[in-house]
Amino acid sequence: MKKLSVKLRHTLHFDFMISKELDFAIRDIADFPKPGIIFKDITPILKDAKLCTAVIDEFVKQLEGIEIDVVAGIESRGFLFGLMLANRLQIPFVPIRKKGKLPFTTVEEPCELEYGSAILELHEDAIIPGQRVLIHDDLLATGGTVSAATRLVQKLDGVVAGYAFVISLDFLNANDKLKQVSQNIISLVSYK
């Protein structure tokens, strides 16, 4: 297992600043993907290379002291920062995808989304039993997708070391579900 050893370069002021910068960059799209949903669009963040680097720096800072062997990113926006984070930590990245997208033998788990349902899959050899996995996605809403991802990791006898999100919709109370698995929950910007 790899234990992160990172020099802290930022102050608490930076924590506040990145949250404000992200909030400014995130675009609200009304009635997407269906009426009544306000979609939090992270694509403006991706146009700012310095902000993307700051996101990864902040995740690394907040993960200090947590043992992580693998980053598992949830399709598809969880791939964007998840792969960059795994690369920075010099640990493997594994994709959690919707059914039918992975080419090798998989394990699967149904999940309830805010606007429907899906089946998530993970390659059966993605996680070695006992590996400590950080599950990453761009946004935590109701927790249906990340709960299914958690069950996939557990099916392969992995240990969920924590969760990392760019955005958390705290008013939906999904953190309560996740805390039953790990207290290590990172969100860079939260909406109450």
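The values are calculated or read from the model by the stated rules, or taken from the named source; none is laboratory data. Note that the structure is a prediction, hence the values are computed from the model and not measured. For neighbour counting, all protein chains shown are included, and Cβ atoms are generated from backbone atoms with ideal geometry for every residue, glycine included.
Spot the failing condition for G100; the list is (1) on the phi > 0 side of the Ramachandran plot; (2) part of a strand (DSSP E or B), and only one is missed. All conditions are met except number (2).
Residue-by-condition table, conditions (1) hydroxyl-bearing (S, T, Y); (2) within 25 Å of N184 (Cα to Cα); (3) at pLDDT below 95:
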site	(1), (2), (3)
K61	no, yes, no
A72	no, yes, no
G82	no, yes, no
P110	no, yes, no
L113	no, yes, yes
I119	no, no, no
H123	no, yes, no
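V71 meets all of the listed conditions (1) surrounded by fewer than 22 Cβ atoms within 10 Å (Cβ to Cβ); (2) of a type in the set (A, V, I, L, M, F, W, C); (3) part of a strand (DSSP E or B) but one, namely (1). A residue that is among the hydrophobic types (A, V, I, L, M, F, W, C), in contact with an Asp or Glu (Cβ under 7 Å, 6 or more places away or on another chain) and buried (at least 17 other Cβ atoms within 10 Å of the Cβ) cannot be found anywhere in region 168-186.
Could you say which residue among E121, E112 is assigned to a strand (DSSP E or B), buried (at least 21 other Cβ atoms within 10 Å of the Cβ), more than 15 Å from the chain's Cα centre (by Cα) and in contact (Cβ under 8 Å) with a residue 24 or more places away in the chain? If you could, list the steps in order and put the result at the bottom.
Values: E112 fails: buried (at least 21 other Cβ atoms within 10 Å of the Cβ).
Of E121, E112, the one residue that is assigned to a strand (DSSP E or B), buried (at least 21 other Cβ atoms within 10 Å of the Cβ), more than 15 Å from the chain's Cα centre (by Cα) and in contact (Cβ under 8 Å) with a residue 24 or more places away in the chain is E121.
Look at V55 and say whether it is closer than 21 Å to V146 by Cα and assigned to a strand (DSSP E or B).
Values: closer than 21 Å to V146 by Cα: yes; assigned to a strand (DSSP E or B): no.
It is false that V55 is closer than 21 Å to V146 by Cα and assigned to a strand (DSSP E or B).
Pairs meeting the criteria (first residue in region 45-63 and aromatic (F, W, Y), second residue in a helix (DSSP H, G or I), beta carbons under 8 Å, at least 6 apart or on different chains) are F59/F81; F59/L85.
Residues that are buried (at least 18 other Cβ atoms within 10 Å of the Cβ), free of Cβ contacts under 8 Å to residues at least 24 places away in the same chain and either in a loop (DSSP other than H, G, I, E, B) or hydrophobic (A, V, I, L, M, F, W, C) (or both) are absent from region 129-146 altogether. Look through region 149-179, keep the residues that are closer than 25 Å to L46 by Cβ and in a helix (DSSP H, G or I), and return whichever of them is farthest from the chain's Cα centre (by Cα). Of everything passing the filter in region 149-179, L172 is farthest from the chain's Cα centre (by Cα). Test G158 against the stated conditions and say whether it is touching a residue at least 40 places away in the same chain (Cβ under 8 Å) and either of a type outside the set (K, R) or crowded, with 22+ Cβ neighbours inside 10 Å (or both). Criteria met by G158. Within region 180-192, being part of a loop (DSSP other than H, G, I, E, B) and of a type in the set (A, V, I, L, M, F, W, C) holds for one residue alone: V181.
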